[in-house]
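Let me begin by presenting the structure, written as structure tokens, before commenting on it.
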Amino acid sequence: MTAPPKQGPPALRRRRRIAICGGGVAAIEALLGLRALLGLAPHVDLVAPNRHFVYEPLAVAEPFGLAQTRIFDVAAVAAEYRSQLHVASLEAVEPGSGRIVLSGGATLWYDCVIVAVGARRCAWLPGALHFTGAADVASFRALLAQLERGDLSRVAFAAPAGISWTLPTYELALLTASWVADRHLTGIEIAIFTPEEQPLASFGPTASRALRDVLADRGIRLRVNAGAETFVPGALRLTSGESFEVD
Ligand SMILES: Cc1cc2nc3c(=O)[nH]c(=O)nc-3n(C[C@H](O)[C@H](O)[C@H](O)COP(=O)(O)OP(=O)(O)OC[C@H]3O[C@@H](n4cnc5c(N)ncnc54)[C@H](O)[C@@H]3O)c2cc1C
């Protein structure tokens, strides 16, 4: 590890014990960032229940053989950046006593605590194939095999409402369209249903316009303001009451 003993913001320099709770990209970036800013001075506790950190962004390319999801050992990262790893979950923060409580009952003192425990996943659109990252690469490959055999021909990619990060929906649709074109498969319809007002709305109007052009160029049908409500093989029903034939 190279940790230049920089000064860092004064408010942080006074913190001697920093607890980071989480084992995802936010927690790991917090650890790297703190060491870059403050050097080795503060004691850092890293509280994470997971032993491996899976770098999800590349998972979308893996079913197509274009990338390999990278998996990092959390203990190795913690050791490299001189933090004490506690394989546990954060149960409570007690600001009054300056302690956090971990699963199992252990407690740690802190001057500063960073809670980076991510979002909770919840079930949505039962019956559809869900792509949540590396864990679903095999299922997506099975879908591609069905397309290649001609068992399926109408594929819809649907983004759930209430999320800002819809990028994987577009990545998967575009990669599927290229994959279909490379194999000269015919009669395959690809559509995207998104509750956004514009595709990739959080990236701004320039990106939305560019993406619309790319999708049209690849023959991908786009429906915006379209929240998917239910799916049974053959029919995707939207919250508007409209129904679309998809496999
Ligand atoms: C397929 C896919 C592709 C993506 N592509 C991109 C991309 O290209 N670019 C991009 O910026 N983002 C992308 N994302 C989104 C990105 O992966 C998430 O925004 C990111 O993982 C959020 O990081 P996080 O650390 O906040 O939360 P998470 O990754 O959810 O991590 C939360 C961590 O906290 C731990 N934890 C949970 N509860 C506790 C607790 N009580 N105590 C301690 N630890 C706890 C969990 O074990 C986990 O390690 C993609 C996501 C997916 C699924």
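A short reminder: the numbers here are calculations on the coordinates, not readings from a lab. Only a predicted model underlies this, so the values are computations on that prediction, with no experimental measurement involved. Every residue, glycine among them, receives a Cβ derived from its backbone with ideal geometry; neighbour counts consider all protein chains shown.
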Can you tell me the 0 to 90 degree angle between the C-alpha axis of helix 137-149 and the longest principal axis of the chain, rounded to 10?
10 degrees
For the chain, built as a Gaussian network whose Cα springs stay under 10 Å, the top-fluctuating residue of Ala216, Ala173, Ala156
Ala216
Once both axes come from the Cα atoms, what is the angle between helix 205-217 and the longest principal axis of the chain, in degrees from 0 to 90, rounded to 10?
40 degrees
Net charge of neighbours whose Cβ lies under 13 Å from the Cβ of Leu167, counting Lys and Arg as +1 and Asp and Glu as -1
-3
If packing is taken as the mean number of other Cβ atoms within 10 Å per residue, what is the order of 161-167, 176-182, highest first?
176-182, 161-167
Can you compute the equivalent ellipsoid semi-axes for the chain, i.e. the square root of 5 times each eigenvalue of the Cα gyration tensor, sorted largest first and rounded to whole Å?
43, 19, 18
If contacts are Cα pairs under 8 angstrom and at least 6 residues apart, what is the relative contact order of the stretch 134-244 in percent?
24 percent
What does the charge dipole of the stretch 134-244 about its Cα centre add up to, to the nearest 20 debye, if the Cβ of each Lys and Arg holds +1 and the Cβ of each Asp and Glu holds -1?
120 debye
Taking 8 Å as the Cα distance limit and 6 or more residues as the minimum spacing, I'd like the relative contact order of the chain as a percentage.
15 percent
What does the charge add up to near Leu144, with Lys and Arg as +1, Asp and Glu as -1, over the other residues with Cβ less than 12 Å from its Cβ?
-1
Cβ density ranking, 10 Å radius, fewest first, applied to His184, His130 yields His184, His130
Considering the stretch 10-115, what Rg and Dmax in Å follow from its alpha-carbon atoms?
15.3, 52
Could you tell me how far the Cα centroid of the stretch 113-134 sits from the Cα centroid of the stretch 53-81, in Å?
17 Å
Divide by every residue of the chain the summed helix terms, -39500 (n - 2.57) for each DSSP H run of at least 4, and state the resulting mean residue ellipticity at 222 nm, rounded to the nearest 500 deg cm²/dmol.
-8000 deg cm²/dmol
In nanometres, what is the gap between the two model label sites at Ser178 and Asn225, each 7 Å from Cα along Cα-to-Cβ?
3.2 nm
Under a Cβ-only charge scheme (Lys and Arg +1, Asp and Glu -1), can you give me the dipole magnitude of the chain about the Cα centre, in debye to the nearest 20?
1000 debye
